[in-house]
Amino acid sequence: MGSANSPDKGESFRTFFLGVVVAILVFGFIAEKADIIKNGVEYAIYAILIYTVVTFFLRRKAQIEKARLEEEMRKVLERRRLEEERKRLKTQSLLDEEERKKKAEAAGETQAETIKGKHYAKIVGAAFIRLGYDVVYRDIDIDEDNAVHLIATRANELCLIHCSQNQIVVEMAEIEVFILDCATFIEHNKFWQDDVKYIYVFMSAISDEAIDYINEERKNRTPIEYRVITA
């Protein structure tokens with residue numbers, strides 16, 4: 001089946017349109033010759049002009065509406081794709097985190113380090129407050145299902161901040177999840193600030209792959225950056 005803009009449908013429209021035009025012109029000519037309507041041809045031409053304007057206006061309006069519906073559908077499908085990708089990346093991130101925890105336990109990670117991780121959001125928030133930001137603590141306990149832990153604002157600047165408890169190395173999958181969560185968070189909330197930043201904060205180290213990914217995303221105008229903040 002062809003689309004609305006297919007050659008077959010376009011040809012059908014032109015044939016129908018020309019048929020109507022010819023019919024109006026013939027009617028005007030016959031009416032004038034039969035003295036039914038004086039200046040019948042002239043009136044027929046006026047009618048053709050009006051018919052042409054109305055027809056092409058309605059056709060253009062239909063094309064605009066079709067394009068709008070297609071764009072809405074594209075956005076819906078893109079949101080679904082991003083949500084599926086986010087779930088996949090988050091699952092992978094959780095598996096990686098569990099593996100890191102096992103390695104850390106095997107290496108003898110202390111209880112003090114675990115406690116420090118639970119309060120890391122407060123440490124990060126205090127650091128941003130010292131820089132002159134107003135900070136909202138969205139999740140002091142750092143819920144695994146919520147990548148945006150802090151919101152920091154200053155003048156026209158809005159920072160969405162993730163406070164990583166990772167004691168080893170931040171990997172690319174964690175950054176991917178964070179970017180997707182920030183994009184979803186921005187989409188579902190209304191902010192007036194123009195200068196938006198996604199800031200991934202951690203206390204340990206970050207892999208070269210993750211840094212390369214961040215740099216690539218920045219080239220694509222994703223406002224992602226990372227900072228190291230220790231206790």
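Which entries of LYS122/LYS197; LYS197/LYS219; LYS102/LYS197 show an alpha-carbon separation above 23 angstrom in the structure shown?
The answer is LYS102/LYS197.
Once you have all Cα-Cα distances for the range 25-86, histogram them in 5 Å bins from zero and send the whole-percent values.
Calculated P(r), rounded to whole percents: 4, 17, 11, 11, 8, 7, 8, 6, 6, 5, 5, 4, 3, 2, 1, 0.
Could you give the nm distance between label points at ILE45 and TRP192, where each point is 7 Å from its Cα heading toward the beta carbon?
Here the modelled spin labels are 5.9 nm apart.
Which of the peptides 43-51, 59-67, 200-208 is most tightly packed, and how do the rest follow, judged by the mean count of other Cβ atoms within 10 Å per residue?
200-208, 43-51, 59-67
Which order, highest average first, do 158-165, 23-30 follow once you tally other Cβ atoms within 10 Å for each residue and take the mean per peptide?
158-165, 23-30
Laboratory data are not the source of any read-out in this text; all were calculated from the coordinates shown. Just so it is clear, the structure is predicted and the values come from calculations on it, not from any experiment. Cβ sites come from the backbone with ideal geometry, for glycine too, and all protein chains shown count toward neighbours.
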